[in-house]
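Chemist: Below is one structure. I have some questions about it.
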Amino acid sequence: MYFYIAFDKTTNTEYLLYKDMIHKGNIYYSEPMSKCLVVPIGTFLLNFLNTDFEGTGIGHFIRKYCYESIYFLKYPEKKKDGLNFVHLELNEPDYLLNLFQFMRSEKDEFIYMQNLFLKHLNLPYDATIVDNNDIDTANIEPINPNNLEFEKMWDDYFEQKATIALEKLEKLKKDNPKLYAEYEEQYYKNLKNNNDFNYSNLLEINGLINDLSLEFTFGAYYLSGIDLSTHNIPYCFYSSDIGSILAIEFKEFISDKHHTIKKCKNCSKYFIPENLRDIKYCNNIFKDNKTCKQLGKDITYKNSLKNDKLLDMYRKRYLSLASSVSHYGTEKAIERFENYKKDGVVMKKKYLNKEITKKEFGDWIQKNKKQ
Ligand SMILES: [Zn+2]
């Protein structure tokens, strides 16, 4: 019922526990054991960004990652107590009916999250979805007492902390005014240095976190056959809400300033560049067993040919010789044109394959001038 996510910063690996829906015959059920995705940090976020929530992608995403969690959020009374590993079992019509309902009910939230992440990755996003400040009061959900309690707990915690900190500062001011002055100076300097780091940005991402807890024992991983105790991982997060998991993953991902996500100029999918020099094309196979990066190089090469003056000259000469044939139709003109066509194919190929130099190709074109 819970998602778990743990991060190993030394190896840049994330461990995501989730449950997908499988079926035998007409019975659909959530897998008894959570699956564990072991991937570079940010990969699940990347999958999320590359999901087409307007199209068929949403059904696939829900089935794969969050059918069970959405189901029990909608029908909490159907949760079974006890150590029952198979939590959800549905017949086909029920399964499909709920799937279509979830696709409708979750779509807007998923698209909102996608655009919010894109915004904070400095990628193009739909501002009408994310930056729309008109709150539709008719659609506000009634306040859930559990959420309220959760928020109150945090408020109390931070208030307590803030009170203690203030008391300590007051004492310092009295006991050691010089140290206090230094502290204050440092504080404002830090505040200024952090100006380019936009706190309001993170507030928006934090807003996606409704339900998130810390865990130190890794029991859920152990049950799924993953032993995290040998890794350099102090704790993991868990939540019943996939949005909270994505938000914490996002924060973890951008906390490393080398991390970024770009949009591939060929296939338009989002990808994590291996280094900051290669940010145009992704490394996924696009077609003919070639990756976008390889194809991108071909495209760049072809574009460079478009601006190639010699090839332009070659084409112009071709057209001018062809027009002499149609204008004058003399044998000499026809012969020159036919020779140019025949030899030209070979010369152009040699030039493109870099078997002859620019000068050789240029000289050859010059030689075929109309006399
Ligand atoms: Zn690509």
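Chemist: Which residue fluctuates most in the GNM of the chain (Cα springs below 10 Å): 156, 131, 298?
Modeler: The residue with the greatest mean-square fluctuation here is 156.
Chemist: Hey, what did the chain get for relative contact order, percent, Cα under 8 Å, at least 6 apart?
Modeler: 16
Chemist: Which of the listed residues, 283, 96, 48, is farthest toward the dipole's positive end in the chain, when Lys, Arg count +1 and Asp, Glu count -1 at the beta-carbon?
Modeler: Going by the charge dipole, the pick is 283.
Chemist: What residue among 124, 305, 366 has its Cα farthest toward the positive end of the dipole of the chain, where the charges are +1 on Lys, Arg and -1 on Asp, Glu, each on the Cβ?
Modeler: Checked the options; the winner is 366.
Chemist: I would also like to ask the following. For the chain, build the charge dipole from Cβ charges (+1 Lys, Arg; -1 Asp, Glu) around the Cα centre, then report which of 231, 272, 62 sits farthest towards its positive end.
Modeler: Positive-most Cα among the choices belongs to 272.
Chemist: Hey, got the dipole for the chain? About the Cα centre, +1 on K and R Cβ, -1 on D and E Cβ, debye to the nearest 20?
Modeler: Roughly 3680 debye for the chain.
Chemist: Top mean-square fluctuation among 353, 266, 146, Gaussian network model of the chain, C-alpha springs under 10 Å?
Modeler: Highest fluctuation among the options: 353.
Chemist: What distance in nm lies between label points placed 7 Å from Cα along the C-beta direction at residue 148 and residue 216?
Modeler: Between residue 148 and residue 216, the simple spin-label model gives 3.2 nm.
Chemist: Percentage of Cα-Cα pair distances in region 308-367 greater than 13 Å, rounded to whole percent?
Modeler: 59
Chemist: Apply the Karplus parameterisation 6.51 cos²θ - 1.76 cosθ + 1.60, with θ equal to phi minus 60°, to every residue of region 40-52 and state each ³J(HN,Hα) to the nearest whole Hz, in sequence, with x for glycine and proline.
Modeler: Karplus-based 3J(HN,Hα) across region 40-52 equals x, 4, x, 5, 5, 4, 4, 4, 4, 5, 8, 7, 8 Hz.
Chemist: Using helices alone, I'd like the mean residue ellipticity at 222 nm for the chain: each DSSP H run of four-plus residues gives -39500 (n - 2.57), total over residue count, nearest 500.
Modeler: After summing the helix terms and dividing by the residues of the chain, the value is -17000 deg cm²/dmol.
Chemist: Which of these, 229, 34, 324, has the largest mean-square fluctuation under a Gaussian network model of the chain (Cα springs below 10 Å)?
Modeler: With Cα springs under 10 Å in the chain, the top fluctuation among 229, 34, 324 is at 324.
Chemist: So, how do all the Cα-to-Cα distances of the chain break down into 10 Å bins, in percent, from 0 on up?
Modeler: It works out to 4, 15, 21, 19, 12, 9, 9, 6, 3, 1, 0, in whole percents.
Chemist: Arrange 60, 120 by Cβ neighbour counts within 10 Å, fewest through most, would you?
Modeler: 60, 120
Chemist: If we count other beta carbons within 10 Å of each Cβ, what is the order of 43, 51, 10, fewest first?
Modeler: The order, fewest Cβ neighbours first, is 10, 43, 51.
Chemist: Same structure, new question: Can you give the charge dipole size of region 308-367 about its Cα centre, rounded to the nearest 20 debye, using +1 on the beta carbon of Lys and Arg and -1 on the beta carbon of Asp and Glu?
Modeler: Around 200 debye, computed over region 308-367.
No lab work stands behind these numbers, since they all come straight from the coordinates. Bear in mind the structure is a predicted one, so any value in this text is a computation, not a measurement. A quick note on method: Cβ atoms are made from the backbone with ideal geometry, for glycine too, and the neighbour counts reach across all protein chains shown.
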